[in-house]
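Chemist: Before I ask anything, let me first share the structure, which is written out below as structure tokens.
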Amino acid sequence: MGMQGIQPEVLSLELISRYIPCEKLLLELDASTIGIVICDRRLRYKALNRSVAKIHNVPIEAHLGHKFHEILGGFAERVAPLWENVFASGQRLSNLDITGQLPKRSGVGRWIENLFPLTDSRGRVAQVGCFVIEIASPPIASSSSSSPIGEATSATGHQPSGPDRPQRTLLTRREQEIVRLVAEGKSNKEISSLLAISVRTVETYRSRLMLKLQASSTAHLVQYAIKNRIITL
């Protein structure tokens, strides 16, 4: 039978483990620029590596047992819903492009985060883990007013803006569909049925849209849809 029938993620782990023992891999990750965080359901830090401590400019030991808002300040309001989504859905959130300012750092930072559930012996999501990489400052959005909303773009091709100001964030066609249906008052279950996708996929799209559009509520998504003519009144 050979390698046939083996899940890709299992195969990749088997191949890597031939060359790098688990202990060695963990040591290299701890010393790398890739941040690793594990939090519990109350969003308290349970484990992290030196890269995360450096990103936050807070010692490792000062994180442990503390909640997001105690370390991240107002920035916690932007990331906490994403972690809560993984706890609720049990699904990964990948390649999240996040910008913001941390309390103990000057200037706006930009990170790519990948969140994944960690289950207990009963299959329940007990913790959520995150791999985070800090990248260059966010790009400045084009000032051209002719850029259509539906064209392909990077994960967050926008300038930070409040919900009451014109926005030039570019959405994919699927994201536009989700925003339109949300603005029309459709529930996650109704959107799932209309688009033939799972409810969990709808929840993931909504979480990403909240982050991408810097929206703090569904009302802000509706405002965006109206301002950008995704729906008409």
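The values are calculated or read from the model by the stated rules, or taken from the named source; none is laboratory data. Since we're looking at a predicted model, the values are computed, not measured. When we count neighbours, we look across all protein chains shown, and the Cβ atoms used for this are built from the backbone with ideal geometry, even at glycine.
Chemist: From the list Ile60, Ile55, Ile98, pick out the single residue that is more than 29 Å from Leu170 (Cα to Cα), in contact with a Lys or Arg (Cβ under 9 Å, 6 or more places away or on another chain) and not small (Gly, Ala, Ser).
Modeler: Values: Ile55 fails: more than 29 Å from Leu170 (Cα to Cα); Ile98 fails: more than 29 Å from Leu170 (Cα to Cα).
Just a single option satisfies the conditions, and that option is Ile60.
Chemist: Related question: Could you identify the single residue in Arg122, Arg168 that is farther than 23 Å from Ser32 by Cα, at pLDDT 85 or above and among the basic types (Lys, Arg)?
Modeler: Values: Arg168 fails: at pLDDT 85 or above.
Checking each option against the conditions leaves just Arg122.
Chemist: Let me ask something else about it. Please work out which one of (1) in a loop (DSSP other than H, G, I, E, B); (2) within 21 Å of the chain's Cα centre (by Cα) is the condition Arg229 fails and give its number.
Modeler: Of (1) in a loop (DSSP other than H, G, I, E, B); (2) within 21 Å of the chain's Cα centre (by Cα), only one is false for Arg229: (2).
Chemist: Sticking with this structure for a sec: Residues that are more than 18 Å from the chain's Cα centre (by Cα) and at pLDDT 95 or above: list the strands (runs of 3 or more DSSP E) wholly contained in segment 1-112 that include at least 1 such residues. Lay out the reasoning, then the answer.
Modeler: On the way: elements: 35-40, 45-48, 93-100.
Correct list: 45-48.
Chemist: Residue pairs, Cβ under 8 Å, 6 or more apart or interchain, first in segment 97-123 and under 15 Å from Arg208 (Cβ atoms), second in a loop (DSSP other than H, G, I, E, B) and among the hydrophobic types (A, V, I, L, M, F, W, C). List them.
Modeler: Filtered contacts from segment 97-123: Asp97/Ala155; Thr99/Val108; Ile112/Ala155.
Chemist: Looking only at segment 33-68, which residues are charged (D, E, K, R) and touching a Cys at 6+ places or on another chain (Cβ under 8 Å)? Before you say what the answer is, go through the steps one by one.
Modeler: Taking segment 33-68 as the starting set, the residues that turn out to be charged (D, E, K, R) are 40-42, 44, 46, 50, 54, 61, 67.
Across segment 33-68, the qualifying residue is only Lys46.
Chemist: Also: So how many residues does segment 106-122 have that are loosely packed, with under 14 Cβ neighbours inside 10 Å and more than 15 Å from Val86 (Cα to Cα)?
Modeler: Count: 5.
Chemist: Here's another thing I want to ask about it. Somewhere in segment 185-201, is a residue surrounded by 20 or more Cβ atoms within 10 Å (Cβ to Cβ) and modelled with pLDDT under 85?
Modeler: Residues of segment 185-201 that are surrounded by 20 or more Cβ atoms within 10 Å (Cβ to Cβ), as a first pass: 191.
Filter once more, keeping what is modelled with pLDDT under 85: none.
No; the residues of segment 185-201 include none that is surrounded by 20 or more Cβ atoms within 10 Å (Cβ to Cβ) and modelled with pLDDT under 85.
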